[in-house]
Amino acid sequence: MNHILADAVGVFFTALYVMLFARIILSWFPMRDSRLMELLYAFTEPILAPVRNLLRRSPLGGPGMVLDFSPLIVFLLLRIVGNAIVGILRSL
């Protein structure tokens with residue numbers, strides 16, 4: 001049973017990872033009013049916004065922050081947290 005739950009959690013984190021990657025790639029194209037972008041923003045913005053706010057308050061950020069590094073940090077956090085949770089569930 002724990003392996004099924006671990007697989008489900010793994011799929012969830014992979015889906016978040018793919019949605020974040022899709023949002024980054026699609027943001028390069030002028031389709032901001034599309035239904036797909038609205039859906040991607042709805043799922044990824046609650047994860048990206050807190051990281052973006054922390055970066056703005058840090059010495060690396062501020063009002064002159066040109067590049068948004070929040071997706072990179074979220075990628076790393078998703079991978080670390082997802083692997084940790086899956087590993088814990090598989091070991092039970």
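The values are calculated or read from the model by the stated rules, or taken from the named source; none is laboratory data. Since the model is a prediction, treat every value here as computed from it, not as a measurement. Glycine also receives a Cβ, built like all others from the backbone with ideal geometry; neighbour counts cover every protein chain displayed. Accessible surface areas use protein heavy atoms only, side chains included; no ligands, DNA or RNA. Shrake-Rupley method; radii C 1.70, N 1.55, O 1.52, S 1.80 Å.
Need the failing condition index for ILE4 against (1) modelled with pLDDT of 90 or more; (2) surrounded by 11 or more Cβ atoms within 10 Å (Cβ to Cβ); (3) of a type in the set (A, V, I, L, M), just the number. Failing condition for ILE4: (2). Quick one: how many residues across the stretch 65-92 are in contact with a helix residue (DSSP H, G or I) (Cβ under 8 Å, 6 or more places away or on another chain), under 15 Å from VAL11 (Cα atoms) and open to solvent by 100 Å² or more (accessible area, probe 1.4 Å)? Total satisfying the criteria: 2.
Counting only residues that are of a type in the set (Asp, Glu), give me the helices (runs of 4 or more DSSP H) lying completely in the chain with at least 1 of them.
On the way: elements: 2-26, 35-57, 70-91.
Qualifying helices (runs of 4 or more DSSP H): 2-26, 35-57.
Given the criteria among the charged types (D, E, K, R), farther than 30 Å from ASN2 by Cα and in contact with a Gly (Cβ under 8 Å, 6 or more places away or on another chain), does ARG52 qualify? Against the criterion (among the charged types (D, E, K, R), farther than 30 Å from ASN2 by Cα and in contact with a Gly (Cβ under 8 Å, 6 or more places away or on another chain)), ARG52 does not qualify. Contact map, the stretch 40-55: residues that are among the polar types (S, T, N, Q) paired with residues that are assigned to a helix (DSSP H, G or I), Cβ distance under 7 Å, separation 6+ or inter-chain. Pairs shown: THR44/MET19; THR44/LEU20; THR44/ARG23. Could you list, in sequence order, all residues of the stretch 21-53 that are among the acidic types (Asp, Glu) and open to solvent by 90 Å² or more (accessible area, probe 1.4 Å)? ASP33, GLU38, listed by residue number. Which residues, taken from the stretch 7-20, are surrounded by 13 or more Cβ atoms within 10 Å (Cβ to Cβ) and more than 20 Å from LEU48 (Cα to Cα)? Of everything in the stretch 7-20, just one residue is surrounded by 13 or more Cβ atoms within 10 Å (Cβ to Cβ) and more than 20 Å from LEU48 (Cα to Cα), namely ASP7.
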